[in-house]
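Down below is the structure, laid out as structure tokens.
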Amino acid sequence: MVKRITLLIISCVCCILFSCKKEKSAVPAPITPVPPAAGNGIYGDSIFYVQDANDYFVSPVSSIQGSFVSFPDGLTIDQNTGIINVNKSETGLKYKISFIPTGSVDTVTSYIIISGVNYRDKIYNLSTGDSIATPIYNANLNLALPGANNNVFDESGGCKNAGIVVGTSSGAINLAQTVRDQGIDTGATAQVNLGYRISDKSNKALNGLQVKIYFYRTAAEIPQYLTDLIIERQGTILTSNSTSPALVQSQGLIINSLAVNAKAAKPGRPRPPCIIVVSR
């Protein structure tokens with residue numbers, strides 16, 4: 001009898017130990033995120049150029065699992081895979097891409113540029129000689145356009161047809177001549193499509209952007225919504241020179257985005273560029 005009881009106890013203990021071991025082995029192993037390749041960031045390069053095709057996709061250099069978020073608006077990116085469609089993104093802008101690996105709270109950050117041109121959101125005062133809107137290439141305020149006279153601006157004639165004077169090889173918008181030629185009155189607005197080709201690694205593939213120009217006699221006539229728009233955008237424009245918000249100035253008006261934190265921090269779409277022209 002004692003022997004049978006002893007065997008029964010041993011059997012129960014074995015069952016309990018086996019059950020515990022089985023439950024322990026059933027716990028899934030933690031997911032180890034695969035980091036981007038060392039030294040290459042998420043995408044292995046920092047500048048991507050449009051191509052002469054309908055779509056042009058760029059993928060992360062490593063097979064990484066997690067979620068992707070980009071800033072500012074304008075980048076066409078798959079939030080699950082990180083694949084970017086360069087040809088469908090807003091060009092001439094710098095983007096911050098944040099990647100959060102699955103099973104982690106840490107964030108991996110990369111900055112990329114979709115090659116092209118942009119223009120400052122700015123108030124131009126013609127009476128002080130501030131009359132030329134110069135294109136900014138690859139989000140770098142100090143970078144000259146490559147290709148010199150081999151570039152083509154306003155290929156489709158969108159600006160010319162609207163009376164906007166643009167240098168066909170430089171991309172510079174002559175605001176003073178535009179006002180003189182058109183006899184533009186205060187409050188007039190022009191939004192045009194500027195198609196262009198640059199002699200760079202895009203191999204002169206067709207690029208483009210919408211440009212919006214507002215005309216007023218004085219800074220006092222500029223409506224509040226436009227000054228609010230410029231303030232809001234100061235936090236969305238990233239450049240290769242600095243990520244700090246800048247001052248937007250004209251005679252009688254100075255907007256400091258740092259003084260309006262709520263506006264400056266609000267994410268937004270930085271295109272089309274907002275060019276405001278005052279005559280005096």
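The values are calculated or read from the model by the stated rules, or taken from the named source; none is laboratory data. It should be emphasised that the depicted structure is a prediction, and the values quoted were computed from it without experimental measurement. Neighbour counts are summed over all protein chains in view; Cβ atoms, including those assigned to glycine, are modelled from backbone coordinates with ideal geometry.
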Taking the stated definitions as given, is ASP55 loosely packed, with under 15 Cβ neighbours inside 10 Å and modelled with pLDDT of 95 or more?
yes
Which residue out of ILE97, ILE114, ILE123 is buried (at least 20 other Cβ atoms within 10 Å of the Cβ), within 19 Å of the chain's Cα centre (by Cα) and more than 19 Å from ASN193 (Cβ to Cβ)?
ILE97
In segment 133-158, what residues are over 24 Å from the mean Cα position of the chain (by Cα) and either hydrophobic (A, V, I, L, M, F, W, C) or assigned to a strand (DSSP E or B) (or both)?
ALA148
Looking only at segment 166-205, and only at residues there that are closer than 18 Å to VAL50 by Cα and of a type in the set (S, T, N, Q), the one that is surrounded by the fewest Cβ atoms within 10 Å (Cβ to Cβ)
ASN203
